[in-house]
Structure formats: C-alpha cells, structure tokens
1. Got a number for residues in region 150-169 being modelled with pLDDT of 90 or more, over 18 Å from I219 (Cβ atoms) and polar (S, T, N, Q)?
2. Anything in region 8-64 that is among the polar types (S, T, N, Q), within 19 Å of the chain's Cα centre (by Cα) and farther than 22 Å from T473 by Cα? List them, or say none.
3. So, P161, is that one crowded, with 20+ Cβ neighbours inside 10 Å and either farther than 17 Å from I10 by Cβ or of a type in the set (S, T, N, Q) (or both) or not?
4. Counting only residues that are surrounded by fewer than 16 Cβ atoms within 10 Å (Cβ to Cβ) and either at pLDDT 85 or above or not charged (D, E, K, R) (or both), how many does region 508-535 have?
5. Cβ-Cβ under 6 Å, sequence separation 6+ or interchain: first residue in region 7-21 and under 15 Å from C120 (Cβ atoms) and at pLDDT below 95, partner acidic (D, E) and surrounded by 16 or more Cβ atoms within 10 Å (Cβ to Cβ). Which pairs?
6. Out of L470, L452, report the one residue that is under 20 Å from F55 (Cβ atoms), in contact with a helix residue (DSSP H, G or I) (Cβ under 7 Å, 6 or more places away or on another chain) and not acidic (D, E).
7. Tell me yes or no: at least one residue of region 72-85 is at pLDDT 95 or above and either under 22 Å from G330 (Cβ atoms) or among the β-branched types (V, I, T) (or both).
8. Scan region 85-106 and tell me whether some residue there is in contact with a Pro (Cβ under 6 Å, 6 or more places away or on another chain) and either in a helix (DSSP H, G or I) or not charged (D, E, K, R) (or both).
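The values are calculated or read from the model by the stated rules, or taken from the named source; none is laboratory data. Bear in mind that the values here come from a model prediction, so they are computed numbers and not experimental data. With ideal geometry, Cβ positions are generated from the backbone for all residues, glycine too; neighbour counts draw on all protein chains shown.
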Amino acid sequence: MKKYIVHAIITLLAILIFIPGLGLVQLFDWDELNFAESAREMHSSGKGLYVQIAFEPFWEKPPLFIWIQVFFISLFGEHTWVYRLPNVLAGVISVNMAYHIGYFLKRRSLGAFWALSLACTFAPLLYFKSGIIDPVFNLFILLSIWHWYRITRCQSENTRPHWHYLLSGLFLGLAILTKGQAALIVVGIVILLATALQGRWKDVFSMRFLVFILAMATIVCSWLIPIYMQLGAQFFEAFIGYQIELVKGQIQWHNQPWFYHPVVLFFLCFPAASFAAPYLIKKGKEDFGTESWHLFMRSLFWVVLIIFSIVGTKIIHYSSLCWYSITYFGAYHTYLIHSNRGKTSSFQKVLLLVSALGIFIAITGLPIVFGRDVLPEWILPHLDLFTKSLKQNNAAWTWTSIIPGVLMLVWILPWIVKSSPKINKHPAYIFAYTGLVSLGVYCFLLPPVADLLQAELISTVKTETTKTKLLETHGFKTYALYFHGNTKSEDFQGPWLTDTFVQHRVLNSPYPHQLGKRIYIIDVNPPGNKRIITKCDFVADTYFRYQFTPIDTLGAYWVWKRK
C-alpha cells in the first residue's frame, strides 16, 4: 500500500477518534478555562500581541496556542468544542508523524503500531481531546528532536543537513512561543546528551549550527521584540518570576512527592507503559537501524522525567512529553511480537495487570460511589464540607457512567488474564480495546464528573452575572467567573473607580498586574449592586462580614452582597 494512502487512512481514523464528543464535557477549570478565556478575550478585544485574563496582560504563557484557538474561533464561533480543536489537529499530525518516522526507519509496521499506540493509549487519547497547551507544545518538541536526529543521519545518507538544522530550530522556536523556555531546556539537554553518547560533537561545533540558532531566534523574536516595545521589560520580569515559582514549588496546590510522575506515567499510559518498561532502560543489541533513534527516545524520556521530578511544582501534563517515548517503545514491543522476534515477559504481564486494575477501580469506583443519590456512610468521614455540599446539589448519575468499567471488565481484563506465560497474545488488540474504553471514559464518565465539580459554580456565575457585573470570587481562584460570565472589557471599567486609583494603575504601573475586580469591590467601595462568591467552607473574618452579608447559603457556593 502506498504511503499517502496509509496516511489518509491514519488521518481518517484519528479524526474519528479525536473529534466525536468534543462538546460533551465542560471545559475544566483551571487550565482549559484559562486558555479558552484568554482566547475569548483576545478575539473579543482584537488585541493579539499578548495573552489576557480579565482584559489585562497575563504573563504566565506565550501566545502561540491562544493564537491557534482564536483562529478556530474566527472560523467556527465560540463553542466548547472549538477551544479543543488545536489539540485535535496536534493529535492528527502526531499519529501521522509516528507512521512517517517508522517509514523512514524502513519499518512501516512499526510506524503503524506507533500511530495505534499513540492514539489509543489512555492519557494521550484524552489529552488530544482537551483544550490545554501541552499536546501542541509536545508536538513541536518532537518535530525539533526528529530533525536533529535527521542531522545525525545525513552523513550515512550522503545528504546535506542544512534543511534539518533550519527545521529543528524553527520547531524549537515554535515550542518556546507555545509554552516558554522549558522547550529550550528540554531540547537542549536531549541534543547534548545524544551528542555526547554518540560522540558527534561536530554537529554542534559547526557553522551550520548557526542556522539552527538563527531559525529559533527568528521565531521567538518575531514576538519578543513587539511585546518589548509595547510593554517594556516588566513582562519578562513577571514571566521569569512565575517560572521560578514553578521550579521552587511555591504554588502549594501543585506540590507533589518526587515519585509523582513515575506513578502517573505508569497508570495513565496504560497499556503502553507496561510494554515499554524494559526498553526504557535496555542496553545492548537492538533491531538493526533503530539504535540511534532509540537513543533519542530514551534521552527524551529520562530528561523530562528527571527534570520534572526535581522541580517543586508537579502537574500531570508536565511529564506528558514522556508519552512519545512510552508509546514508541510500546509500539516497538508490538512490532517485535508481530515479526515473531519477541514475546511479552511475565514482568510486563504483571505490570499490565496492576495498571489495568488501578484504572478499573478508578473508573468503576467513581460512578459507584458518587453516582448514588446518597453518599455511602463509610466515605463521609473522609470528605470535607465543600465536597459533601457539591454532591448534595449534584443530580444522580445515569447508568451510562458505568459503561467504561464494563467494557474494561469484558475486554481488557480477560485479555490480560488469558495472556499466560505460555501464550504470546498480540498487543495491538489491547491497544484497540483501550482506545474504545478511553472513548467511553470521555463520553460517559467525564461529563458527570465535570458536572459534579463545576455545574453549581457555572450556574451560580451565570445567574449572578445577569444581576450585576460587579461580581468576584473570594477565597478561591477560578476562570469560570470571566468565561461563563461572558465578561467584556467595559465590565472592568466604571465611575466607581476613583481617579487616584486609576492614575496609580496607569502612571505608576506601565505593566498592569492582574488586580481583578475583587480589589475594586472590596477596597474602593464602589456604589451599586456588588456581590462575592465564596465556597461554603469559607471562614469570613470581621472585616469581610462588616462589608458583606450572605444572601444565598444553599449548596457548595455561597453568594454575598455588599451591605
């Protein structure tokens, strides 16, 4: 079968996997809502140079991902599914890239299995249907590393490497423009590590390396120079300061133990992680012609895992770059079995069983526990007041929420049990089964979970913003206030701002911080109908109660009105 036909088939299957159900699940607070709100404000205000929140510059992220979201908004309008289209596109490109790499390695079946592994492994499938930055960011990094790998092959292929220096630098620049300097750190260390292990220092100490640097710098400076001219150096100070906070782990709710990422990767990258485990540390003879690419894949995995295990702030998607390496080696194991040159070891089968049981317990336990009209007595002592209140106002889940668990019980667990030490079952089947279970999780389990976590807050915001735009949350942070409140730039202006306060912001703070309306409401004492949303477990001090009185104390979120 010709290559372009295979790419067409892979593209069609990827679309059928990644697009259905995009609008079934509410955008999750924080990350999805953060980026969606930034795109909505950028599209509404027409200011595309920098990211905004509350119509003020937002220094935590560069703008490329938001630009892509705005592009799709301009095509299709403001819908939940539109904000997730950039990652659908990244998913389609990623699985095609997986096949392309296998084709270049002269192992077309390996490329096909990598596309299958990448599309159907649990976490990558769900993330390609999300609205967060990382899938696009990770794709640019993979493309940069791939073209650097091609540089190392040019001598044996008798080709010129200039084009690959250019493309590697361009994709690295795009990655930096997507999420910041973490791309430069990761790609730089991977290139240096692979170069040292291969002894190919001539690739770095070459005049052609300037092409790589200039290409990267051109992409980055195309944004940095205009934003410096408009906002000055304070943007960079704020951006770098925030990155330092992440490294130090000063954002308390993101702090996790050092083993957080290995555990997350083991369970969420089911089943690829169990198949890939031996190859991530394997040394010695490997399939001829793949050794060099394996070096880059291992380097990427260990560099990302070590870096983000060291930094204080740990979030699931920080280690998502490891998914490429994990799904690749999971596909490589499948390729060896397909070509009758390998078998699934007892160790791998034990890992499969443990990770499958972990996911099965999670996806069946959620609807069994929280899908009941009344929470079971044994769990009540372990829940705080806020969580209990969320459940009280949450409708009972439908029977469809147990479909993913049933599918796993019928398909995946029997496959693992039947795959005894004497039976070498083809791993492609479990990848396909996992893809179907993951789609079930997305379509049937995530919607009630999203409703449990967010429906009451969204309803409260929508109700209260129809009464007043002088609304803010207190004691917790959410982007639902701006997104679901459909705020406009004029909502952050008004006669209730004193002249002194406005002058202080404009004259003494050329780069305005995210002051938000709450400071105006509480400290400036504007006239009119002013309201605050808090969680039900919020303990108001004397100063707060002197100014506000509760007017809605039903449920997990309370509404307060200024006296």
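1. 1
2. Selection gives nothing.
3. Numbers: crowded, with 20+ Cβ neighbours inside 10 Å: yes; either farther than 17 Å from I10 by Cβ or of a type in the set (S, T, N, Q) (or both): yes.
It is true that P161 is crowded, with 20+ Cβ neighbours inside 10 Å and either farther than 17 Å from I10 by Cβ or of a type in the set (S, T, N, Q) (or both).
4. Number of matching residues: 13.
5. Pairs found: none.
6. On the way: L452 fails: under 20 Å from F55 (Cβ atoms).
Selected residue: L470, the only one of L470, L452 that is under 20 Å from F55 (Cβ atoms), in contact with a helix residue (DSSP H, G or I) (Cβ under 7 Å, 6 or more places away or on another chain) and not acidic (D, E).
7. Looking through region 72-85, at least one residue is at pLDDT 95 or above and either under 22 Å from G330 (Cβ atoms) or among the β-branched types (V, I, T) (or both).
8. Pass one, region 85-106, residues in contact with a Pro (Cβ under 6 Å, 6 or more places away or on another chain): 87, 90.
Now restrict to residues that are either in a helix (DSSP H, G or I) or not charged (D, E, K, R) (or both): 87, 90.
Yes: one or more hits.
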